[in-house]
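First up is the structure itself, then whatever we jot down about it.
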Amino acid sequence: QVQLAESGGGSVQTGGSLRLSCAASGGTFSNYGMGWFRQAPGKEREFVAAITYGSTYYAGSVKGRFTISRDNAKNSLYLQMNSLKPEDTAVYYCAAKTYYSATWTTRDMNYWGKGTLVTVSS
């Protein structure tokens, strides 16, 4: 069983930055594909970014502004968010997939954190 706990959310003005963290416990973190997803009010949960052993993937809406990284020694996942926009406002979720799949949809992820709220004001 894998437990995930996000932190680092908060309120920031347009153009600001935040760094989200996700602490993982249980299982072998370095073996997992890890991702960040977000869900804005009234919208479906959507993919933001993902990282495997040596590759990173980003949604078009955040590419160039967000950076995903991981520290396997600390069982931790990070999301550095720069140049934030009001449309980035959402609950951000850390997620893990413990098996191989070529896609990064919500159905591909089998463990989820409870989320952390990011609010960007104009």
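The values are calculated or read from the model by the stated rules, or taken from the named source; none is laboratory data. These numbers were taken from a predicted model, which means no experiment stands behind them. FYI the Cβ positions are ideal-geometry reconstructions off the backbone, even for glycines, and counts take in every protein chain you see. Just the protein is used for accessible areas: all its heavy atoms, side chains included, with ligands, DNA and RNA removed. Shrake-Rupley method; radii C 1.70, N 1.55, O 1.52, S 1.80 Å.
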Pairs where the first residue, in the stretch 46-66, is touching a residue at least 24 places away in the same chain (Cβ under 8 Å) and hydroxyl-bearing (Ser, Thr, Tyr) and the second is surrounded by 12 or more Cβ atoms within 10 Å (Cβ to Cβ) and part of a strand (DSSP E or B), C-beta under 6 Å, 6+ apart | TYR57/ALA50
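If we keep just the residues of the stretch 38-78 that are closer than 14 Å to ALA90 by Cα and hydrophobic (A, V, I, L, M, F, W, C), which is farthest from the chain's Cα centre (by Cα)?
Just the residues of the stretch 38-78 that are closer than 14 Å to ALA90 by Cα, to begin with: 38-48, 61-62.
Those left that are additionally hydrophobic (A, V, I, L, M, F, W, C): 40, 47-48, 62.
Numbers: ALA40: 14, PHE47: 8, VAL48: 6, VAL62: 11 Å.
If we take residues in the stretch 38-78 being closer than 14 Å to ALA90 by Cα and hydrophobic (A, V, I, L, M, F, W, C), then ALA40 is farthest from the chain's Cα centre (by Cα).
Being touching a strand residue (DSSP E or B) at 6+ places or on another chain (Cβ under 9 Å), loosely packed, with under 15 Cβ neighbours inside 10 Å and in contact (Cβ under 8 Å) with a residue 40 or more places away in the chain narrows it down to one of SER30, SER69, SER76, SER21, so name that one. Before the answer, list the steps.
On the way: SER69 fails: in contact (Cβ under 8 Å) with a residue 40 or more places away in the chain; SER76 fails: loosely packed, with under 15 Cβ neighbours inside 10 Å; SER21 fails: loosely packed, with under 15 Cβ neighbours inside 10 Å.
Only one candidate qualifies: SER30.
Regarding TYR111, is this residue at pLDDT below 95, closer than 18 Å to THR28 by Cβ and open to solvent by 20 Å² or more (accessible area, probe 1.4 Å)?
Values: at pLDDT below 95: no; closer than 18 Å to THR28 by Cβ: yes; open to solvent by 20 Å² or more (accessible area, probe 1.4 Å): yes.
No: the conditions fail for TYR111.
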May I ask you to verify whether SER11 is open to solvent by 30 Å² or more (accessible area, probe 1.4 Å), modelled with pLDDT of 95 or more and over 16 Å from the mean Cα position of the chain (by Cα)?
-> yes
If the Cβ limit is 9 Å and pairs must be 6+ apart or interchain, which residue in the stretch 4-18 that is in a loop (DSSP other than H, G, I, E, B) pairs with which residue that is modelled with pLDDT under 95?
-> THR14/SER122
The residue that is nearest to SER25 (Cα to Cα), considering only those in the stretch 47-64 that are at pLDDT 95 or above, open to solvent by 30 Å² or more (accessible area, probe 1.4 Å) and of a type outside the set (Ser, Thr, Tyr), is PHE47
